[in-house]
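Please read the structure below before turning to the comments.
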Amino acid sequence: YFGTSAGAYRLFPAYRNDDGCAPATYDPRFRPWYAAALTKPKNVIILVDKSGSMNGPRMQHARDAADTVLSTLGPGDFVNVVAFSDQ
């Protein structure tokens, strides 16, 4: 595998999918091997607003963002998730 910080990705030896192109949803920047090789151990705090203004799609977007951040963490990283509300 070879991946750059700009998102370029190469697989050697190369292969073709059934439709002849690489998967559109694959991004090597979110693979654990890429994140581990690129960064030092991280200390991360994720703040999640659970107040009434976060109902519906806003809360889903916040969860998706938190999942994306969590998927890039490696075994040497530390994370804490804090949920808060105005009530």
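The values are calculated or read from the model by the stated rules, or taken from the named source; none is laboratory data. Bear in mind the structure is a predicted one, so any value in this text is a computation, not a measurement. Here Cβ is always computed from backbone atoms with ideal geometry, including for glycine, and neighbour counts include all displayed protein chains. We work out accessible area using only protein heavy atoms, side chains counted, and drop any ligands, DNA or RNA first. Shrake-Rupley method; radii C 1.70, N 1.55, O 1.52, S 1.80 Å.
Key figures for this structure:
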| item | result |
| --- | --- |
| Selection count where residues are assigned to a helix (DSSP H, G or I), over 18 Å from residue 29 (Cβ atoms) and under 16 Å from the mean Cα position of the chain (by Cα), scope segment 41-87 | 4 |
| Test set (1) at pLDDT 90 or above; (2) open to solvent by 50 Å² or more (accessible area, probe 1.4 Å) - residue 22 fails condition number | (1) |
| All positions within segment 33-87 that are under 22 Å from residue 3 (Cα atoms) and open to solvent by 80 Å² or more (accessible area, probe 1.4 Å) | 33, 37, 38, 40, 41, 67, 75 |
| Lone unmet requirement of (1) surrounded by 10 or more Cβ atoms within 10 Å (Cβ to Cβ); (2) at pLDDT 85 or above for residue 28 | (2) |
| Hey, residue 58 of a type in the set (D, E, K, R) and at pLDDT 70 or above or not | yes |
